[in-house]
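Student: Would you mind keeping the following structure in view while I ask a few things?
Every number in this text was worked out from the coordinates using simple rules, so none of it is lab data. Here the structure is a predicted model, which means the values were calculated and not measured. Note that each Cβ is placed from the backbone with ideal geometry, even for glycine, and that neighbours are counted across all protein chains shown.
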Amino acid sequence: MTILPNLAGVHEKGTFSVFDMMNNIKKEPAFEKAGAIAMFIGVVRGENVKGEKVRKLELEAYEEKADEVLTKICEDLKKKSGVISVQIHHLLGEFNAGEDIVYVLVADSHRERVFSVLEEAVERYKKEAPIFKKEYVVSGRSKKAYWVTERESEE
């Protein structure tokens, strides 16, 4: 896997990992000021909010705009006092239950702030980034697939 110069963006499944993200942060010049790193790893749930079994997810994005939005979120949050780095990397492609689909990392000079910034990063990317999810589910005896929006998936 290659270390990418950008600290945010969308990537095809298999081209970026949590290890790449950790290597990115440790190569940043300001990393020596970090006292805490917090990470969020989003994975595919095997059951949706309607209780249907999820066979797989297909994730797509308006890639150029998604990269721009994810970068902006990271830049905004990095302006907070003590924040050393923010990274958001969303994967695209087909995924089975339990597979990683998104990595979010925050490094801060102190642990007291790192979790609130991490939560804000996660909530913002979910609302702002043009990333689209198609669920393939089994409901009773029928199989179906449909595009999901965040609002629908949180009902």
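Student: Grab the Cα-Cα distance for GLU123 and SER139, subtract it from 0.36 nm times how many residues apart they are, and report the gain in nm with one decimal.
Tutor: Once the chain is fully extended between GLU123 and SER139, it gains 2.9 nm.
Student: Report the extension gain between GLU112 and LYS65 in nm, rounded to one decimal, defined as 0.36 nm multiplied by the number of residues separating them, less their alpha carbon distance.
Tutor: 13.7 nm
Student: Counting C-alpha atoms alone, how compact is the range 1-88: give Rg to one decimal and Dmax as a whole number, in angstrom.
Tutor: Cα-based Rg and Dmax for the range 1-88 come out at 15.4, 46 Å.
Student: A further question on this structure: Please work out, to two decimal places, the log10 of the ratio I(q)/I(0) at q = 0.10, 0.15, 0.20 Å⁻¹ from a Debye calculation in which every Cα of the range 8-153 carries one identical scatterer.
Tutor: Taking Cα atoms of the range 8-153 as identical point scatterers yields -0.37, -0.76, -1.18.
Student: Sticking with this structure for a sec: Using per-residue counts of other Cβ atoms within 10 Å, averaged over each peptide, order 66-72, 90-96, 42-48 from highest down.
Tutor: Peptide ranking by packing, descending: 66-72, 90-96, 42-48.
Student: Fully extended, how many nm does the chain gain between LYS27 and GLU94 (0.36 nm per residue separation, minus their Cα-Cα distance)?
Tutor: 21.1 nm
Student: Setting aside same-chain residues fewer than 8 positions from LYS133, which lysines have a Cα under 27 Å from its Cα?
Tutor: By straight Cα distance, LYS133 reaches LYS13, LYS50, LYS53, LYS56, LYS65, LYS72, LYS143, LYS144.
Student: May I pose another question? What percentages make up the Cα-Cα pair-distance distribution of the range 7-58 when the bins are 10 Å wide from 0?
Tutor: Spelled out bin by bin, the range 7-58 gives 16, 38, 26, 14, 5 percent.
Student: How do ILE88, ILE41 rank when sorted from fewest to most other Cβ atoms within 10 Å of their own Cβ?
Tutor: Least crowded to most crowded, the residues run ILE41, ILE88.
Student: Which angle from 0 to 90°, rounded to the nearest 10, does the C-alpha axis of helix 63-78 make with the longest principal axis of the chain?
Tutor: For 63-78 against the chain, the angle is about 40 degrees.
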